[in-house]
C-alpha cells in the first residue's frame with residue numbers, strides 16, 4: 001500500500017459546484033499561462049459510449065500536487081459549464097489515452113474539448129516495439145499507465161492495488177460479477193486517491209518522455225517531432241469519428257441473423273451425420289477410455305496399497321479389500337457411463353477438430369501454434385486451413401458453419417449476452433449507432449487496431465460480405481461515400497525501392513499484378529519504358545501483349561492505341577497473375593517461401609523458384625530489402641520516412657548473410673531471421689498508415705475551411721478505405737473532386753496515390 005504522507009503528496013478532493021468554481025478561480029493564473037502544463041484524466045461509470053456517466057476528473061499541477069474534482073452530484077448544465085470554461089485554458093493539457101477521455105467528454109457534452117499532448121501516443125512513438133520494451137522494463141506487455149508508472153514514477157507503482165482490493169470487497173458484498181461492476185459504486189472518498197494518482201503519474205510520464213524526446217532529437221532522431229505531430233493530430237480526427245459513430249440497420253441485422261442461424265443449423269445437422277464425424281467420436285471414446293482406464297488403474301493400485309497398509313491381518317481383511325475394489329469399480333463404471341456423452345463431436349472444440357483433420361483424415365497442417373513450455377507444438381485448424389482444404393466436403397461444411405457462427409456472434413450479436421460483441425448489443429432501440437474503438441497505439445506498425453466491433457474483420461467478398469449491408473448513413477438524408485487507396489503498399493514499395501518496373505506500372509496506371517506477371521514469366525515485356533520515352537517507344541512497337549484488367553488499355557493514349565495491334569495473352573492471364581499478386585502483396589508483409597506456397601497452393605520448392613524468378617526481374621526490391629536488413633543489424637532499429645522507428649535489439653551487430661549461408665541453423669538463428677523479415681514489413685505497413693493519417697488531417701482541415709462540418713462526417717476507416725456519411729445535397733461529382741484533391745497526393749518520384757471512389761445507400765452498395 002502506498003504511503004502518501006511519506007511521499008509528501010499534496011492531493012485532495014473537491015466537491016460541490018461552488019467549491020469547484022472557486023478552485024478554478026484560485027488557480028486561474030496557472031490555467032491561463034501558455035507556458036504551464038497540467039495533466040488531466042476523467043473517471044467514468046464504465047467504458048461505454050452511450051449511457052455513460054462522468055463521475056469526476058483529476059488535474060495535476062506537478063508530479064506531487066493534484067486535485068480530484070467530483071461532479072457526480074452536479075446537473076448536466078453545471079458539468080457542461082465547467083468544460084466550457086475548461087476550453088478557455090491557455091496552458092498545455094496532457095492526458096494518457098486522450099482518445100478515450102476526449103471522445104467521452106465530446107460525446108457527453110456535444111462540444112470539442114481542448115488538449116495538447118497524450119503520453120500514450122508519446123510512449124508508443126518512442127517505444128513502438130512495446131512488447132520488447134515492456135519485457136525489458138516491466139515484464140508487463142503493455143504501455144498502460146500502470147506499466148509505465150514503474151518506469152517513470154516507481155515510487156507510486158502499485159497505487160491502484162488498494163482500489164482493486166476495495167473492488168473485490170464490493171463484489172463480494174453486493175454479490176455481483178466482475179463484468180457487472182461499475183465505478184459509480186465507489187464513493188468519492190475511495191475514488192479520489194486513485195483519480196489523483198492517475199494525473200500525478202501522467203504528469204511524471206510527460207516530464208520523463210519530454211526529456212527522452214529532446215535527447216533522441218539531439219542524437220539524430222530528426223523526424224521524431226514530425227511523427228509525434230502526425231499522431232497527435234490524427235488522433236483528434238479519429239476522436240471525431242468515434243463520436244460520430246457507425247449507424248446500423250437493425251432490421252437487416254435481424255434478417256441476417258434468421259438467415260444465418262438457419263444455415264448453421266442445417267450445416268450442423270449435415271456435419272454430425274457424416275461418417276467421418278462418427279469415426280472421430282469413436283476415436284475420441286477410445287482415447288478417453290484408455291486414459292480413464294489408465295487413471296483408474298493407478299487409483300486402484302494406490303488405494304489398495306493404502307488399504308493394505310492400514311488393514312490389520314485378520315478374518316475381516318478380505319472383506320474390506322473386496323469392499324475397496326467394489327467402490328473403485330462403481331466409480332469407474334459411473335465415469336464410463338459418461339464417456340459416450342463426453343465423446344460427442346463438438347464443433348467448438350479445437351481438440352475434436354484436430355483429431356478429425358490430422359489424426360483421422362491425415363491432412364497436412366499449414367501452421368503450428370507456438371511451442372508450449374515443454375517445446376511441443378500443436379497444429380492449427382484455422383480459417384486459412386479450412387479454406388485451403390475446402391474442396392473436401394466435410395471440411396467445407398465445417399468452414400461454412402464456423403464462418404456463419406462467427407458472423408452471428410462476432411458481428412450481429414442478437415443472441416449474445418456479451419454487450420461488447422456485435423452490432424445489436426452496441427446499439428440502442430432508439431439510437432442505432434455503434435461507436436467502434438480505433439486504437440492507434442494497438443500495433444507496432446502504427447496501423448489501427450479496432451474493437452467493440454472490429455469492422456476490419458468484415459469480409460470484402462464472400463459469404464460474410466453481406467454484413468456490409470447492415471452499415472448505413474448516419475442520417476436519413478445522407479448517403480455513404482467511400483474512398484479506397486488502390487495498391488497503396490505496392491506504390492510505397494516501388495517508390496522506396498526505386499524499382500523501375502513498379503514505378504513504370506504506377507505512373508502509367510497499369511494493372512500491377514498482370515504487368516508484373518508478364519514481365520517475370522511472359523515471353524516479352526508488355527511495356528518497357530520510362531515516362532519521357534513512353535510515346536516514342538510505343539510508336540516503334542507493332543503489337544502489345546497485355547494481361548489483367550482493362551486499366552492497361554484505358555491508360556494508353558487513343559492515337560497510340562489506334563496504331564497498335566493489341567493481343568490478350570490467355571496463357572498468362574490466369575494463374576501467373578495470381579502468383580504475381582501473391583508475391584506483390586506478400587512482400588510488404590515479409591512473407592516466406594512456406595507462406596507463398598500456401599497462398600499459391602503449390603510446393604515450397606516451386607514457390608521458391610517463382611520467387612527467385614520474380615526477384616531476378618525486380619532486382620532493386622531485393623537490394624532494398626537487403627539494405628534494410630543491413631541498417632537494422634548496424635543500428636538495432638529500422639526507421640521509416642515519417643520518423644517511425646522499430647527497435648529489434650537482438651539483430652544489432654549480427655551478420656545476417658553469414659547466418660543465411662549456414663548449413664545448420666540454431667533456434668536463435670531462426671529467431672533473428674524472423675525478426676529481420678520485419679524490417680521491410682514494418683516500413684511499408686507503417687508508411688501506408690502515415691500516408692492515410694496525413695490525408696485524414698488534410699481532409700479534416702479542408703472540411704472545416706469549407707464549412708461542411710454539419711454535412712460531411714467521418715464514420716470510420718477500414719485499412720486503406722475511408723467511410724463518410726454525406727448530405728445528399730452535396731453531389732457525387734463535388735465530393736469526389738474534393739476527395740481526390742486531398743487524398744491523391746504525391747509521395748516520391750512523382751508517384752501520386754490513386755483512390756477508388758464510390759457512393760451508395762449502404763456499405764455493400766457503395767460501388768466505385
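Below is a table of values for the structure above.
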item	result
Extended-chain gain in nm, criterion 0.36 nm per residue less alpha-carbon gap, residue 29 and residue 377	119.0 nm
Whether the stretch 10-219 is rounded, prolate or oblate, judged on the alpha carbon gyration tensor where a/c under 1.5 counts as rounded	oblate
Theoretical FRET efficiency, 1/(1+(r/R0)^6), r = Cβ-Cβ of residue 80 and residue 465, R0 41 Å, to 0.05	0.45
Which of 461, 479 has the fewest Cβ neighbours within 10 Å, and the rest in rising order	461, 479
Chain lengthening between residue 650 and residue 177 when straightened (0.36 nm per residue, less Cα-Cα)	165.9 nm
Whether the stretch 615-744 is rounded, prolate or oblate, judged on the alpha carbon gyration tensor where a/c under 1.5 counts as rounded	prolate
Separation of the residue 19 and residue 619 label points, Cα + 7 Å toward Cβ, nm	7.8 nm
Computed label-point distance, nm, for sites residue 36 and residue 387 using a 7 Å Cα→Cβ extension	5.7 nm
Modelled FRET efficiency - R0 30 Å, residue 114 with residue 214, Cβ distances, 0.05 increments	0.80
Spin-label pair residue 45/residue 477, simplified geometry with 7 Å Cα→Cβ offset, distance in nm	3.2 nm
Pairwise FRET efficiency - residue 360 versus residue 664, Cβ, R0 = 45 Å, nearest 0.05	0.80
Fully extended contour minus Cα-Cα distance, from residue 627 to residue 164, at 0.36 nm per residue	161.7 nm
Peptides ranked, highest mean first, by Cβ atoms within 10 Å: ranges 151-162, 689-700	689-700, 151-162
Cα centroid separation, the stretch 616-693 to the stretch 142-181 (Å)	39 Å
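FYI, it's all coordinate maths here, none of it is from the lab. None of these values were measured; they are calculated from a predicted model. Ideal geometry is used to build each Cβ from the backbone, glycine not excepted, and the neighbour counts take in all protein chains shown.
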